[in-house]
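Visitor: Quick one: structure below, then a few questions.
The values are calculated or read from the model by the stated rules, or taken from the named source; none is laboratory data. What you see is a predicted model, and the numbers here were worked out from it, not measured in a lab. All Cβ positions, glycine included, derive from the backbone under ideal geometry; neighbour counts span all protein chains shown.
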Amino acid sequence: MVADGAGSALREQAGIGVRGRDYHQRAVVAHVASERAHAQTAWQRFTPEGPIALLPLADGRSSIVWSLPEARAREVLALDDAAFLAAAGMASDFRLGAFTATTPRASFPLRLQVAERFVAGGCVLVGDAAHVVHPLAGQGANLGLRDVAELADGLGEARAAGRDFAAAHVLRRYARRRRSAGALDAYAFDAIERAFAWQAPGWSALRGLGLRALDMITPLNRRLAAHAAGRAGV
Ligand SMILES: Cc1cc2nc3c(=O)[nH]c(=O)nc-3n(C[C@H](O)[C@H](O)[C@H](O)COP(=O)(O)OP(=O)(O)OC[C@H]3O[C@@H](n4cnc5c(N)ncnc54)[C@H](O)[C@@H]3O)c2cc1C
């Protein structure tokens, strides 16, 4: 099983190429304390520069994931703590009040990437070695877990039936299912990124209407939430 991440050396050794695009963005991350409690709620705000997410941590702090164009990310990384806390507060529209303390920041380059194949011989790709998605959906690790669940199901079924669980057709079935599902998700998140990055006049109002409409269509909303949670049949 190849699970060595986005820059997978094993994938390269197996001769599997990748497709995708560079977002020319970096995600700036830090753990911050805030004036108001996060109430176990994740928030995400889409700004013209990129989305900023506040993810609740068990110790009461929040994890910030702030996606920014590369040059702006470099500026944000160079700020002192007080200036960073003020900038992140403004970007998040002070949803949790002012931020009061931060850890050192780190940053990650962002790209969309899907491996051309998920299987080569006996090598099976899972997780970021297979697909890398924009963090705006908070789904990267979840997709990897779904890969592993699908692979375990396939191998388990073959073994229970007394067949060779590493047979080519067993691995191909995993690859077929997870590559189409993973690519669909990756390009759906990419479409969301493009929809929020596009700055044409009037587009922002139209996008807002679309989101409000989506919010009101309860069955569709439920299906999206269930899909994000990885529940079957969605
Ligand atoms: C800023 C940011 C925010 C994110 N937020 C979320 C989120 O909210 N929710 C979510 O679901 N996902 C999120 N993701 C995505 C998530 O982090 C990744 O999808 C996930 O970490 C991928 O897991 P992985 O195990 O496939 O790869 P990795 O996490 O990259 O792990 C690969 C591991 O393999 C090891 N390795 C490499 N080569 C070898 C070798 N030769 N031998 C042994 N070990 C090796 C590496 O050291 C590493 O530990 C986020 C990503 C980013 C960048």
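Visitor: Out of (1) surrounded by 12 or more Cβ atoms within 10 Å (Cβ to Cβ); (2) modelled with pLDDT of 90 or more; (3) part of a helix (DSSP H, G or I), what's the single condition that is false for Phe189?
Guide: For Phe189, the exception is condition (2).
Visitor: Kindly provide the set of residues from the range 1-15 that are aliphatic (A, V, I, L, M), part of a loop (DSSP other than H, G, I, E, B) and in contact with a helix residue (DSSP H, G or I) (Cβ under 9 Å, 6 or more places away or on another chain), ordered by number.
Guide: Met1, Ala3, Ala6
Visitor: Does Val65 satisfy the criteria of being in contact with a Pro (Cβ under 6 Å, 6 or more places away or on another chain), farther than 15 Å from Asp93 by Cβ and assigned by TED's automatic domain parsing to the domain that holds Gly89?
Guide: It is true that Val65 is in contact with a Pro (Cβ under 6 Å, 6 or more places away or on another chain), farther than 15 Å from Asp93 by Cβ and assigned by TED's automatic domain parsing to the domain that holds Gly89.
Visitor: Considering the range 134-143 alone, what residues qualify as being farther than 14 Å from Ser180 by Cα and of a type in the set (A, V, I, L, M, F, W, C)?
Guide: Leu136, Ala137, Ala141
Visitor: Now, a different point. Would you tally the residues in the range 67-85 being buried (at least 21 other Cβ atoms within 10 Å of the Cβ) and touching a His at 6+ places or on another chain (Cβ under 8 Å)?
Guide: Final tally of qualifying residues: 1.
Visitor: May I pose another question? Can we say Leu125 is touching a residue at least 60 places away in the same chain (Cβ under 8 Å), within 26 Å of Arg172 (Cα to Cα) and within 13 Å of the ligand (Cβ to nearest atom)?
Guide: For Leu125, the condition - touching a residue at least 60 places away in the same chain (Cβ under 8 Å), within 26 Å of Arg172 (Cα to Cα) and within 13 Å of the ligand (Cβ to nearest atom) - is met.
Visitor: Separate question: Scan Asp81, Asp147, Asp93 and give me the residue that is of a type in the set (D, E, K, R) and out of contact with any Lys or Arg (no Cβ under 8 Å at 6 or more places or on another chain).
Guide: Asp81
Visitor: Does Ala130 fit the bill of being within 16 Å of the ligand (Cβ to nearest atom), in contact with a Lys or Arg (Cβ under 9 Å, 6 or more places away or on another chain) and at pLDDT 95 or above?
Guide: Here the answer is yes, as Ala130 does meet what is asked.
Visitor: With the requirement that a residue be surrounded by fewer than 18 Cβ atoms within 10 Å (Cβ to Cβ) and touching a residue at least 40 places away in the same chain (Cβ under 8 Å), what does the range 86-101 give you?
Guide: Hits for the range 86-101 are Asp93, Arg95, Gly97, Ala98, Thr100, Ala101.
Visitor: Give the range 30-44 a look and list any residue that's surrounded by fewer than 19 Cβ atoms within 10 Å (Cβ to Cβ) and either small (Gly, Ala, Ser) or within 15 Å of the ligand (Cβ to nearest atom) (or both), or say none.
Guide: His31, Ala33, Ala37, His38, Ala39, Gln40, Thr41, Ala42, Trp43, Gln44
Visitor: Right, Arg11: closer than 19 Å to Asp81 by Cβ and crowded, with 18+ Cβ neighbours inside 10 Å or not?
Guide: So Arg11 fails the test.
Visitor: Please work out if Arg19 is assigned to a strand (DSSP E or B), touching a residue at least 24 places away in the same chain (Cβ under 8 Å), more than 15 Å from the ligand (Cβ to nearest atom) and over 17 Å from Leu136 (Cα atoms).
Guide: So Arg19 fits the description; yes.
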